Amino acid sequence: MTRPPRPRGCGGAPAGARPAVLQDRVRFHQRATTAQQFRGPPGLHHPGERLRQRRREVDRLAARAEADGTSKEQSAALKANAERLGATEGATSARVTGVEGTTARVSVTFDGNAVSTPARDPVKRLKDTPEPPGAWAYFGGESAVYSDTLDALGEALPWMLLYIAVMTYILPFLAFGSVLLPLKAITMNLLSLTATFGMPVWVFQDGHLHHLLGFDPTGNIEPNMPIMLFALIFGLSMDYEVFLVSRMREQYDQLGDSTEAVATGLGSIGRLVVGAAVLMCVPLAAIGMSGVLTIKLFGVGMVFAVLTDVLVVRILLGTSVMKLLGRAAWWAPGPLARLDDRFGIKETDAPADDTADKPVPVPAG
């Protein structure tokens, strides 16, 4: 069994990497759009079971053909290696299912769901098992791909969070000239994201309201979905934050009173922001009516996140924090204030119409 130098899994992540994802409560599930969700009418053969049956037949034929093309010494070595892998904690069986030249395939099975968070531990132990001398190992299958997916997400997630945090602070500072408002925006976004991640767990993972929404709970969530929701909700939340705070800043520049500016700004643009959120929810609700579980989760999750962010986080909590901060909400130290004056993102006034000062010619006669 000689192979090229060993890549650890299909995703390119180290075998021992532990992704910084929500594993304490959220149970991820990658098989979200496979045949098990496309259940036909009663009496129709389930395609997933048929595929598994065909695969078992192919494995039996491959194992039988392996005995014809391999020497007794090679067969004994392969069998010993399979038994060694089968002794891994959590493994239920291991057998050679194919030999081609200097490459052999060993299928190892485990108890439980192949694509769930608990399945990562047996895969990690299997990867840590040393190979026979002169051999390298590739790892495939649903469990290995699932584990590598989480590893890859865990490696990229800290950089994603750092990039979003830095840009979320710099751009609002340049827009509003305040050192506290960007921190307030990030805090409000985190509150909104907490509710956004809690709803899919309560509804789609734990199965609450599944009769009302029309789906069968699987007890897991696809690992890519929280990342998508995080990025989209963070962006939409900042949009609503900019709409509200920019109008409050205009009023503060005119009135000089922070409390009055918050009340006037909210009264002038609050309905517009709520209306924009409701319009956003219309197509998202249509997406949430899909029969595919991942698409339904995306649509329902986005509707919940948008309404929660606008009605609770921005309109209620955000304006309350602005009122409590008072004039401090618009404060910046001298050097940063000068930096904002020079490079800040400001609205430009329209050129004045000087035609009113020009005399109107009167036709002669």
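The values are calculated or read from the model by the stated rules, or taken from the named source; none is laboratory data. Model, not experiment: these values are computed from the prediction. Positions of Cβ are backbone-derived with ideal geometry, glycine not excepted, and every protein chain shown enters the neighbour counts.
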Review point. If you take the residues of the range 105-161 that are among the β-branched types (Val, Ile, Thr) and closer than 25 Å to PHE230 by Cα, which of them is surrounded by the fewest Cβ atoms within 10 Å (Cβ to Cβ)?
Key: VAL145
Review point. So PRO122 fits all but one of (1) part of a loop (DSSP other than H, G, I, E, B); (2) in contact with a strand residue (DSSP E or B) (Cβ under 6 Å, 6 or more places away or on another chain); what number is the exception?
Key: (1)
Practice item. Search the range 127-145 for residues being in a loop (DSSP other than H, G, I, E, B) and not small (Gly, Ala, Ser), and hand back the single one that is nearest to ILE221 (Cα to Cα). Key: PHE139
Point to revise | Residue satisfying condition, being surrounded by fewer than 18 Cβ atoms within 10 Å (Cβ to Cβ), closer than 30 Å to ASN113 by Cβ and either of a type in the set (Gly, Ala, Ser) or touching a helix residue (DSSP H, G or I) at 6+ places or on another chain (Cβ under 9 Å) (or both), within set PRO217, PRO200 | key: PRO217
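Determine whether the range 91-98 contains at least one residue that is outside any loop (DSSP other than H, G, I, E, B), of a type outside the set (A, V, I, L, M) and crowded, with 18+ Cβ neighbours inside 10 Å. Steps first, answer last, please.
Keep residues of the range 91-98 that are outside any loop (DSSP other than H, G, I, E, B), which gives 91-98.
Now restrict to residues that are of a type outside the set (A, V, I, L, M): 92-93, 95, 97-98.
Applying the additional criterion that residues be crowded, with 18+ Cβ neighbours inside 10 Å yields 95, 97.
Looking for residues that are outside any loop (DSSP other than H, G, I, E, B), of a type outside the set (A, V, I, L, M) and crowded, with 18+ Cβ neighbours inside 10 Å, one finds at least one in the range 91-98, hence yes.
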Practice item. Among the helices (runs of 4 or more DSSP H) lying completely within the range 242-354, list those that include at least 3 residues that are at pLDDT 90 or above, farther than 18 Å from LYS184 by Cα and within 29 Å of the chain's Cα centre (by Cα). Key: 258-288, 293-307
Review point. Is at least one residue of the range 205-216 among the aliphatic types (A, V, I, L, M), over 18 Å from SER290 (Cα atoms) and touching a residue at least 60 places away in the same chain (Cβ under 8 Å)?
Key: no
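From the list SER320, SER246, pick out the single residue that is of a type outside the set (Lys, Arg) and surrounded by 16 or more Cβ atoms within 10 Å (Cβ to Cβ). Write out each step before concluding.
Values: SER320 fails: surrounded by 16 or more Cβ atoms within 10 Å (Cβ to Cβ).
Testing whether each residue is of a type outside the set (Lys, Arg) and surrounded by 16 or more Cβ atoms within 10 Å (Cβ to Cβ) leaves just SER246.
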**Study point:** Residue that is in a helix (DSSP H, G or I), under 20 Å from GLY318 (Cβ atoms) and in contact with a helix residue (DSSP H, G or I) (Cβ under 8 Å, 6 or more places away or on another chain), where the choices are LEU232, LEU190
**Key:** LEU232
Practice item. Answer with yes or no whether PHE176 is within 19 Å of ALA87 (Cβ to Cβ), surrounded by 18 or more Cβ atoms within 10 Å (Cβ to Cβ) and not charged (D, E, K, R). Key: no
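A quick yes/no check of all residues on (1) modelled with pLDDT under 80; (2) within 20 Å of GLU222 (Cα to Cα):
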{"residue": "GLU83", "(1), (2)": "no, no"}
{"residue": "ALA104", "(1), (2)": "no, no"}
{"residue": "VAL115", "(1), (2)": "yes, yes"}
{"residue": "ALA119", "(1), (2)": "yes, yes"}
{"residue": "PRO122", "(1), (2)": "no, yes"}
{"residue": "ARG125", "(1), (2)": "no, no"}
Review point. Since ILE186 meets every condition but one in (1) buried (at least 17 other Cβ atoms within 10 Å of the Cβ); (2) in contact with a strand residue (DSSP E or B) (Cβ under 8 Å, 6 or more places away or on another chain), which condition does it not meet?
Key: (2)
Study note, to complete from the structure: Inside the range 193-229, the number of residues satisfying the requirement of being β-branched (Val, Ile, Thr), part of a helix (DSSP H, G or I) and modelled with pLDDT under 90 is 4
